[in-house]
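Report on the following structure.
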2 protein chains.
Amino acid sequence: MRILKSTMLLFLLLTFFNVNAQTDEEAIKEIYKQSLTNGKSYDWLNYLSTQIGGRLSGSLNAERAVAYTKEELDKLGLDKVWLQPVMVPKWVRGYKESAFIESGKGKKTTVNICALGGSVSTPALGLKANVVEVKNFEELKALGKENIAGKIVFYNRPMQADLISTFEAYGGCVNQRYKGAVEASKYGAIGVIVRSMNLRLDDLPHTGSMTYDDLPVANRIPSAAISTNDAELLSTMLKLDKSTKLYFKQNCKQLKDVLSYNVIGQITGSEFPNEYMIVGGHLDSWDLGDGSHDDGAGVVQSMDVLRLLKESGITPKRSIRVVLFMNEENGLRGGKKYAEVAKQKGENHVFALESDSGGFTPRGFSFDCNDASFNQVLSWQPLFKPYLIHYFEKGGSGADVGPLKTETNVLAGLRPDSQRYFDHHHASSDTFDAVNKRELELGAATMTALVYLFDKYGINPITNEKQIKK
Amino acid sequence: MRILKSTMLLFLLLTFFNVNAQTDEEAIKEIYKQSLTNGKSYDWLNYLSTQIGGRLSGSLNAERAVAYTKEELDKLGLDKVWLQPVMVPKWVRGYKESAFIESGKGKKTTVNICALGGSVSTPALGLKANVVEVKNFEELKALGKENIAGKIVFYNRPMQADLISTFEAYGGCVNQRYKGAVEASKYGAIGVIVRSMNLRLDDLPHTGSMTYDDLPVANRIPSAAISTNDAELLSTMLKLDKSTKLYFKQNCKQLKDVLSYNVIGQITGSEFPNEYMIVGGHLDSWDLGDGSHDDGAGVVQSMDVLRLLKESGITPKRSIRVVLFMNEENGLRGGKKYAEVAKQKGENHVFALESDSGGFTPRGFSFDCNDASFNQVLSWQPLFKPYLIHYFEKGGSGADVGPLKTETNVLAGLRPDSQRYFDHHHASSDTFDAVNKRELELGAATMTALVYLFDKYGINPITNEKQIKK
């Protein structure tokens, strides 16, 4: 009898767990089905990209994007949609930059450049000088003032092609762009040209943010990116003839900060309304393309997470928010503001997921969380396998959600295939036609599935229990 | 003392295995590095696609592709490069097809079609008739002769969008294209129009092979594919007005078989020269695009496998062959011929890997092999993880290597990301610009790594042992 009881108990337990597993599988299947057959992300991105376009912080387009996304969120029947004011920097590119290489014999060859975001202008008639090519700051230091003063420093360290993660390759190069002017000005350089952060050889310059730190205004030197093809050309010409000069002209400038907004929508939790889970991307973009991959994709995917939960018949226990951050590219003001307000209000953000790595086929997530939460994630791997989502690693999350970090919460970043990302990143080729509908929709579904699981099973249950016991 | 000995033995064993593992890791790292920094596949594909172009069996371009790839293999310093003669069908498209929808009121709307490969021509002045739309052969049967005779059958079952594998979605639709004419002619239809096998809505018709089985020539009806946008349009117009007609004109024809070639190159094995391992793709393509993804990618990746082995300092124990098959698209004559000759010569083909699913980011392989070999593969999974290769499943290999199947050998297919494949497959958009250099190179490296492991550790060692004991 006792054996019979145990067997029955075991049977019931197994049935219980089986039913549960079945339900998760079904729920996730429905999420993917909704996204692939009835998704909204691609239509939203089409409007954001082709009807609005590049959305640099402080620009008219950025404000149009705020209005458009708020309007679209309003249509979704969420519990709450609002704008969160935030002051953002306003940098303007001005007229199109121009540049040429001048050989020792006076022959001019036009090259493709663009001002780096935050750079000062050149003198009105442009700047012409000899060029010193370096691969890194150590070379710069070794050359010293005597070789650099009065010249243009040309940073030409390419992205490392044999790294599988192109983001890792980017990480290994981007200090040239971000800190290049500060370092070069130490040695009296009068301008900076940086090889574009691009693994391809092509003619497109890629912009991106740079800093002057606390350099006095008089010491701030104009900085521009040059296309990879033209970086190769300039390097070759310098090897043949040290007297080769570069001319460039740009009239970008930094204006006063202006008022802008994070756009926020919320489904209020049915059981734990004071536990917040957010999904987000950034609404601003650079101005050369239309910002489809960076980060229109993340914006529309995040919006669709809330819609997909509703369409899949899921009633979240916790409050789920979509946050469309303003000014990730050149200031991170939106991300900081959101975290600041959350802290002021004492809102408990248990989970934050960012999509800011392009709208390509999703491969998985990286997690910034404690081991308990990470093990919880690993236990869900089989649920993701049918969707070819295999990548679950500890690592970074995203710039905008980073300020929300606590000891117990879970920050995550969607990790799509990264191979093509830097073909488009910050360049005029970051446009709607470079986004594939299915790849984008798979990303939205994958994010929704993770949100569904964390909402259902709770975040870091051990810690929560402790908190409850207090 | 005894414990000490055991410990030392354990230590030595661990060291031995560790050294071995290290070596595989290093070898594979070198393979990826070579491919990503020094690969040839992209340059070869550039020539094949932009300088030669579409390579339909029996065409001048197909012969140019034979000559070009042989010439390039000759440069690699392989042990042997040769052409294997094979008679192939020669079907020609003739002038560009034209078509329009004519409403009941006589209004004409041009639509985009292309003849299916193998189709007969329409009458010289084209064909105009009423249209019957069906989703499958069951609907066709239910409608019967009285509703179909004298009309054009319009197959309009779309690819299923919520399947993650787009190849599975293709498999669920392609009978409309391949068998549509045979089935429709049973009921007296005079022509067939098939919705293109494409998950996107766009204006491009996608060709592909079709059969008449043993239908008498008089009963063969012309068959064409229509773009997905135009399929939607035609369907809508038919719903509004049953008297809507379709006109189409094409003058394709089947000519006599002509002589062509498989192109083969070999590195002869250092220990087991009579065990053959092959890698391959198909050299022919459809004629609308330049066949970059289908299957220029597989061709150049396969060629690069042999080069990458050499460049990475690997001396294969077994004979490694690259086989560039002719006529996969409309006859499979090359694949059949290769297997036939191999059988005649008693060549022991222990392994065959095909790449014919596009030049996109590789995700893994599917295997047609016994459990012993599959378990061997699974034990290698950790070696592939750093390269984000996660997909190892039993399943099909490829059409061209299929005829080589034995009970003991291993057939495999490279499985790249499939989301964008059917945007390009058999359409004018299958062009070089749709291939990303890194994605292509990662595929070549992934193939090379698998070949390296199977060559090093042997195929299905249990069976081999048995054979040796005989």
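The values are calculated or read from the model by the stated rules, or taken from the named source; none is laboratory data. Predicted model, so just to flag it, every value in this text is computed and none were measured. Every residue, glycine as well, gets a Cβ built from its backbone with ideal geometry; the counts of neighbours run over all protein chains shown.
Any residue at all in the range A:223-240 that's surrounded by fewer than 19 Cβ atoms within 10 Å (Cβ to Cβ), within 18 Å of A:K145 (Cα to Cα) and at pLDDT 95 or above? No - not one qualifying residue is present in the range A:223-240.
Which residue, of B:K186, B:K245, is more than 30 Å from B:D417 (Cα to Cα), modelled with pLDDT of 95 or more and surrounded by fewer than 17 Cβ atoms within 10 Å (Cβ to Cβ)?
B:K186
Of all residues in the range A:363-384, those that are farther than 19 Å from A:A27 by Cβ and away from chain B (no Cβ under 14 Å) total 10. Of all residues assigned to the range B:52-72, none qualifies as being assigned to a helix (DSSP H, G or I), touching an Asp or Glu at 6+ places or on another chain (Cβ under 8 Å) and closer than 30 Å to B:P382 by Cβ.
Within the range A:189-216, the set of residues being in a loop (DSSP other than H, G, I, E, B), of a type outside the set (A, V, I, L, M) and either touching a residue at least 12 places away in the same chain (Cβ under 8 Å) or crowded, with 23+ Cβ neighbours inside 10 Å (or both) comprises A:S196, A:N198, A:R200, A:D202, A:D203, A:P205, A:H206, A:T207, A:G208, A:T211, A:Y212, A:D213.
Of all residues in the range A:84-120, those that are more than 20 Å from A:A427 (Cα to Cα), within 28 Å of the chain's Cα centre (by Cα) and surrounded by 14 or more Cβ atoms within 10 Å (Cβ to Cβ) total 5. Across the range A:21-42, the qualifying residues are those that are away from chain B (no Cβ under 12 Å) and part of a helix (DSSP H, G or I), and the one among them that is surrounded by the most Cβ atoms within 10 Å (Cβ to Cβ) is A:S41. Comparison of B:E168, B:E139, B:E146 shows that the only residue that is without any contact (Cβ under 8 Å) to a residue 24 or more places away in the chain, under 29 Å from A:Y387 (Cα atoms) and in a helix (DSSP H, G or I) is B:E168.
Out of curiosity, is A:I459 under 23 Å from A:G313 (Cα atoms), modelled with pLDDT under 95 and of a type in the set (A, V, I, L, M, F, W, C)? For A:I459, the condition - under 23 Å from A:G313 (Cα atoms), modelled with pLDDT under 95 and of a type in the set (A, V, I, L, M, F, W, C) - is met. Taken over the range A:315-328, the criterion of being part of a loop (DSSP other than H, G, I, E, B), touching a strand residue (DSSP E or B) at 6+ places or on another chain (Cβ under 8 Å) and over 14 Å from A:V299 (Cα atoms) is satisfied by A:P316, A:K317. Scanning the range B:385-417 for residues that are acidic (D, E), within 30 Å of B:E26 (Cβ to Cβ) and either part of a loop (DSSP other than H, G, I, E, B) or under 14 Å from the mean Cα position of the chain (by Cα) (or both) yields one hit, B:D417. The residue pairs whose first member lies in the range A:32-58 and is more than 16 Å from A:E441 (Cα to Cα), whose second member is among the basic types (K, R), and whose beta carbons are closer than 6 Å, counting only pairs six or more residues apart or on different chains, are A:I52/A:R64; A:G58/A:K90.
For the range B:391-423, taking the residues that are among the acidic types (D, E) and more than 14 Å from chain A (Cβ to nearest Cβ), the one that is surrounded by the fewest Cβ atoms within 10 Å (Cβ to Cβ) is identified as B:E407.
On inspection, A:V305 qualifies as buried (at least 22 other Cβ atoms within 10 Å of the Cβ) and among the aliphatic types (A, V, I, L, M).
The number of residues in the range A:424-445 being within 11 Å of chain B (Cβ to nearest Cβ) and polar (S, T, N, Q) comes to 1. Among all residue pairs at least 6 apart or on different chains, which show Cβ distances below 7 Å where the first residue, located in the range B:92-106, is modelled with pLDDT under 95 and the second is not aromatic (F, W, Y)? So the pair list comes out as B:S103/B:M237; B:S103/B:D241; B:S103/B:T244; B:G104/B:D241; B:G104/B:S243; B:G104/B:T244. Whether any residue in the range B:189-196 is within 30 Å of A:K385 (Cβ to Cβ), of a type in the set (G, A, S) and either at pLDDT 95 or above or in contact with a helix residue (DSSP H, G or I) (Cβ under 7 Å, 6 or more places away or on another chain) (or both) is what I want to check. No, there is no match, as no residue in the range B:189-196 is within 30 Å of A:K385 (Cβ to Cβ), of a type in the set (G, A, S) and either at pLDDT 95 or above or in contact with a helix residue (DSSP H, G or I) (Cβ under 7 Å, 6 or more places away or on another chain) (or both). Inspect the range B:347-358 for any residue being buried (at least 23 other Cβ atoms within 10 Å of the Cβ) and within 14 Å of chain A (Cβ to nearest Cβ) and give the result as yes or no. Looking for residues that are buried (at least 23 other Cβ atoms within 10 Å of the Cβ) and within 14 Å of chain A (Cβ to nearest Cβ), one finds at least one in the range B:347-358, hence yes.
Taking the conditions exactly as written (modelled with pLDDT of 95 or more, among the small types (G, A, S), within 25 Å of A:H206 (Cβ to Cβ) and more than 13 Å from the chain's Cα centre (by Cα)), does A:G280 satisfy them or not? Give the steps one after another, and end with the answer.
Working: modelled with pLDDT of 95 or more: yes; among the small types (G, A, S): yes; within 25 Å of A:H206 (Cβ to Cβ): yes; more than 13 Å from the chain's Cα centre (by Cα): no.
It is false that A:G280 is modelled with pLDDT of 95 or more, among the small types (G, A, S), within 25 Å of A:H206 (Cβ to Cβ) and more than 13 Å from the chain's Cα centre (by Cα).
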